[in-house]
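Engineer: There's a structure below that I have some questions on.
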Amino acid sequence: MNRREILQAAVATPLIAAWGEAARAQAAWPSRNITIIVPFPAGGQADLAARPVALALERILGKPVLVDNRAGGGGGSVGNAAAARAEPDGYTLLMTLSSLAVLPEADRLFDRPVSYEVSQFAPVARVLADPTLLAVPASAPWKTLQDLVDDAKRRPGEIPYGSSGPYGTLHVAMEMFASSAGIKLLHVPFRGAGPALTALLSGTVQAVASAPGTLKQQVDDGKMRVLANWGAERVASFPDLPTFRELGYKDVEFYIWAGLFAQTALPAPIMTRLRQAMAQAVKSPEVTKTFEAAGSPVAYLDAPEFTKFVAADSARLIAAVKKIGKVE
């Protein structure tokens, strides 16, 4: 063996060893606990999606799957950014909402540093996709959406509504409605949908946009009233609730979807295994029964279809944010 061949062998040996080690690690995945980051406090749509899915994945994969509620930054930006920075090894995943695409655009709108980019994430599976509903306290004077609009026109900027943070899902939905109705509401941001709903129940705010699954029990218990549905069609769990389109707001449509994401650099064998596990998880009784009881049936999409869905929905939401402009 000449000197050149010796040098080539010296370089190749550690590379081959490293490749072999990586292949073995991928084949053994998972070999330890998996964490699903939820970038919101407990009680919201992403949390509702993550917890039963985590239990199902734990059974399917044979390793603990932990839910980490990492709220902060408004609209989920802190948790999203943490997941984007994590090692692409399949042990840190993200269950998040449509605000994933909106928040970087909001940062750019205000000339703030962008904490992450959507391109850092690989869609794994969509879990839920619910139209947003407009809820008010049962004690509120408004029986219809028109009642609320009329009152807001008499008192511009005085009726407070809660959100999961600036340019989060709940904020964008309400501002779409306010812009279309020609009214000004008072935005009160919280760290997530759960705290916003708590504020509605306590009377701190007077309106919230949220998913059917997080509202149904409170409405059934007579603590809240729903006035309109942001979806294109009526919701099975609220069949008498009209859509904004039915009420004359043709450009007001918004959905709160929840989906699982990994990092773009996740090795293909791990992504394949994760997709297979998610396909099983969303069909499991612990997931389907939990979602149906909450009024939010499974809306599963596998990675290829979910990737197309995210691209289309993100383009629509980014256009809406640019139309809304700078709002606090």
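Engineer: I'm checking a number: the convex hull volume of the Cα atoms of segment 133-229, normalised per residue, in Å³. What is it?
Structural biologist: Numbers: hull volume 7.9 nm³, N = 97.
Each residue corresponds to 82 Å³ of Cα convex hull volume.
Engineer: Within the set LYS250/LYS322; LYS223/LYS322; LYS250/LYS289; LYS184/LYS308; LYS216/LYS326; LYS63/LYS283, which residue pairs have Cα atoms separated by over 26 Å?
Structural biologist: LYS223/LYS322; LYS250/LYS289; LYS184/LYS308; LYS216/LYS326
Engineer: Given a Förster distance of 51 Å, report the FRET efficiency between GLN276 and THR144 from their Cβ-Cβ distance, rounded to the nearest 0.05. Could you put the intermediate results ahead of the total?
Structural biologist: Details: r = 47 Å, r/R0 = 0.93.
Efficiency computed from Cβ-Cβ geometry: 0.60.
Engineer: How far, in nm, would the chain grow between LYS283 and ALA265 when pulled straight, counting 0.36 nm per residue and subtracting the alpha carbon separation?
Structural biologist: Contour length minus Cα-Cα distance gives 3.7 nm.
Engineer: Just want to confirm a number: the relative contact order over segment 133-224, from Cα pairs under 8 angstrom separated by 6+ residues, in percent.
Structural biologist: About 41 percent, as a whole number.
Engineer: Output the relative contact order of segment 222-322, whole-number percent, from Cα pairs under 8 angstrom with separation of 6+ residues.
Structural biologist: Relative contact order comes out at 15 percent.
Engineer: Quick one: check the C-alpha center-to-center distance for segment 209-231 versus segment 98-152, whole angstrom.
Structural biologist: Result: 16 Å between the Cα centres.
Engineer: Here is a follow-up. Given the options LEU201, TRP29, ALA42, identify the residue whose Cα lies farthest towards the positive end of the charge dipole of the chain (+1 on Cβ of Lys, Arg; -1 on Cβ of Asp, Glu).
Structural biologist: So the residue we want is TRP29.
Engineer: What fraction of the DSSP beta bridges in segment 133-229 is antiparallel, stated in percent and rounded to the nearest 5?
Structural biologist: 55 percent
Engineer: Hey, another quick one. How long are the three semi-axes of the equivalent ellipsoid for segment 45-199, computed from the Cα gyration tensor as the root of 5 times each eigenvalue, in whole Å, largest first?
Structural biologist: Output for segment 45-199: semi-axes of 33, 19, 12 Å.
Engineer: Roughly how many nanometres apart are two label points built 7 Å out from the Cα toward the Cβ at ASP251 and SER180?
Structural biologist: 1.0 nm
Engineer: Mind ordering 228-241, 202-215 by average Cβ neighbours within 10 Å, highest first? The partial results should precede the final answer.
Structural biologist: On the way: 228-241: 16.4, 202-215: 23.6.
Ranking the peptides 228-241, 202-215 by packing returns 202-215, 228-241.
Engineer: Let me ask something else. So in the chain, what percent of DSSP beta bridges are antiparallel if you round to the nearest 5?
Structural biologist: The antiparallel proportion sits near 60 percent.
Engineer: How high is the relative contact order of the chain? Use alpha-carbon pairs under 8 Å, at least six apart in sequence, and give a whole percent.
Structural biologist: 26 percent
Engineer: Still on this structure, please answer the following. If R₀ is 22 angstrom, what is the calculated FRET efficiency for the pair THR204 and SER115, using the beta carbon separation as r and rounding to 0.05? Could the numbers behind the result be given before it?
Structural biologist: Values: r = 28 Å, r/R0 = 1.28.
Efficiency for this residue pair is about 0.20.
Engineer: If all Cα-Cα distances of the chain are sorted into 20 Å bins from 0 onward, what percent lands in each bin, rounded to whole numbers?
Structural biologist: Pairs per bin, as whole percents: 32, 51, 13, 3, 0.
Engineer: Dipole size in debye (nearest 20) for the chain around its Cα centre, Lys and Arg Cβ +1, Asp and Glu Cβ -1?
Structural biologist: Once rounded to the nearest 20, the dipole reads 380 debye.
Engineer: Fewest Cβ neighbours within 10 Å first, please rank ILE159, ILE36, ILE324 accordingly.
Structural biologist: Ascending Cβ contact count within 10 Å gives the list ILE324, ILE159, ILE36.
Engineer: Can you give the FRET efficiency for SER31 and ALA312, using 1/(1 + (r/R0)^6), R0 = 25 Å, r = Cβ-Cβ distance, to the nearest 0.05?
Structural biologist: My answer for the efficiency is 0.10.
Each value in this text was obtained by applying a stated rule to the coordinates, not by laboratory testing. Everything numeric in this text was worked out from a predicted model, so none of it was measured. All Cβ positions, glycine included, derive from the backbone under ideal geometry; neighbour counts span all protein chains shown.
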